[in-house]
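Written below as structure tokens is the structure these notes are about.
The values are calculated or read from the model by the stated rules, or taken from the named source; none is laboratory data. The shown structure was predicted, so the numbers you read here are calculated from the model rather than taken from an experiment. Using ideal geometry, Cβ is built from the backbone for each residue, glycine included, and neighbour counts are taken over all protein chains shown. To get the accessible areas, we keep the full protein, side chains included, count just its heavy atoms, and leave off ligands, DNA and RNA. Shrake-Rupley method; radii C 1.70, N 1.55, O 1.52, S 1.80 Å.
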Amino acid sequence: MTESSIFSGKFIVVGVCGGIAAYKSVELIRYLVDAGAHVATIMTPDAEHFIGKTTLTALSSEPVHTSLWDDQSVIPHTRLGQKADLIVVAPATARLIGSYAAGISSDLLTATLIATRAPVVVCPAMHTEMWEHVAVQHNISVLRSRGVFITPPEEGRLAGGDVGKGRLAATHSIVEVMTQALQPQMGNGSLSGKHVVVTAGGTREPIDAVRVLANRSSGKQGHAVARAAASRGALVTLITTVEMSPASGITQVQVETAQQMQEAIEKIAPSADVIVMAAAVADFRPVPIADGKWKKEDGVPPIVLEATPDILAGLGKIKRPGQVLVGFAAETSNLVANAQGKLERKNLDLIVANDVSLPEVGFGHETNAVTIVSAYDEPVTVDLASKTTIAQRVLDSVEKSLHRIQEHT
Ligand code: C5P
């Protein structure tokens, strides 16, 4: 299923709060309407200081709602709350987050949030000092613990020329979390009862106490696989070097180096039904050069590299019957032949190969294009698509492999 079709025919309430990022709701509303959703927009009274009601009415599927009192319909908060398939608040201010966490309904938007049973996605945007305030962070964790999806703010330019964390997440990130929020309702539970372990992100290998050798992996593909597995009912452990908002059904283990990743995965590998090594594990790490920080006055440091353990090959050696082991391979030539070689050498069931020399593919991009090479079936090619869609195709192949293996064990 593509992301756009997920929204088709859905009743989506978009809440807009009073922050400078309110203008960005225009892009989100337009995206959702283009994707076939019915969009009902609620503006808080403060939002009207930042963006015109006429603009949002023109873009939404019905006139914008602003108050509990001037709406023609009876009790608008319950009507919108009940009709909604999903509510997204973008931008969400510290006030809105606080009221929602405390259950205080002081305007139409908070009343609707409290009156709904639909999944809710909250997209905070505020100054760094406000975002980092202990009260805001507490309210965010309260909402998370109640199953509210949070699209964390990004680093970047803020109002008044300041730079820091607090900028509203990009529309594609909000759309990805909304997709995830809708998926559990659609999930077929096809991986329920299975323990899926996923690794994600690039490892960082210390040079000295402050410097690291890193790579460009964003961790997005691995996190998308973890979310997709959770939406199919799996119990998911995500071992990652990247901090991203955890979704329900996922236990997150934070690591930094290849060694830490190896220790974490080897502890849980015996209980895993499926292991997906999407992480970009460093192949080499610096031999430590100093206990503390190498001083500039001491000259250019003599950095010598040593090989890291190949975690995946190690897992291939201890693979238990019935377990599906999936590797990733970033290639620049002979995609399928190189991937096939790795699959055999590392005793894998599947390898997801991508040609990272192509535009929009792999490291750091929102999209990917892969060939899934299997030990049992013909390779499957997935053309350029979002990492969420790629994750679903990878899991389709995982499920096929699980059935195949189970038939033969
Ligand atoms: O051989 P290559 O490094 O291309 O294989 C990539 C796959 O091996 C990925 O799935 C990656 O997570 C895994 N890997 C590993 N340990 C390493 C290097 C790569 O598990 N040291």
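Within the stretch 275-286, work out how many residues are away from the ligand (no atom under 12 Å from the Cβ) and either open to solvent by 50 Å² or more (accessible area, probe 1.4 Å) or free of Cβ contacts under 8 Å to residues at least 60 places away in the same chain (or both).
So the count comes out to 0.
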Handout entry: Residue in the stretch 100-112 that is in contact with a Leu (Cβ under 7 Å, 6 or more places away or on another chain) and of a type in the set (Phe, Trp, Tyr) present
Key = yes
Problem - Residues of the stretch 363-405 satisfying the condition of being under 20 Å from ARG216 (Cβ atoms), over 15 Å from the mean Cα position of the chain (by Cα) and open to solvent by less than 10 Å² (accessible area, probe 1.4 Å) - result: VAL370
Exercise for the section: Please verify whether the stretch 33-40 includes one or more residues that are farther than 25 Å from ILE150 by Cβ and open to solvent by less than 60 Å² (accessible area, probe 1.4 Å). Expected result: yes
Exercise for the section: Kindly provide the set of residues from the stretch 50-92 that are part of a helix (DSSP H, G or I), more than 22 Å from ILE174 (Cβ to Cβ) and touching a residue at least 24 places away in the same chain (Cβ under 8 Å), ordered by number. Expected result: PRO76, HIS77, THR78, GLN82
Practice task
Tell me, please, whether a residue that is within 15 Å of the ligand (Cβ to nearest atom), open to solvent by 50 Å² or more (accessible area, probe 1.4 Å) and over 24 Å from ASN215 (Cβ atoms) can be found in the stretch 346-361.
Solution key: yes
Problem - Set GLY249, GLY222: member being away from the ligand (no atom under 16 Å from the Cβ) and in contact with a Leu (Cβ under 8 Å, 6 or more places away or on another chain) - result: GLY249
Handout entry: Single unsatisfied condition, ILE289 versus (1) more than 30 Å from the chain's Cα centre (by Cα); (2) within 13 Å of the ligand (Cβ to nearest atom)
Key = (2)
Handout entry: The lone exception for THR257 - which of (1) within 16 Å of the ligand (Cβ to nearest atom); (2) under 30 Å from LEU143 (Cα atoms) it fails
Key = (2)
Exercise for the section: Could you look through the stretch 307-338, keep only residues that are in a helix (DSSP H, G or I) and more than 9 Å from the ligand (Cβ to nearest atom), and pick out the one that is surrounded by the fewest Cβ atoms within 10 Å (Cβ to Cβ)? Expected result: LYS317
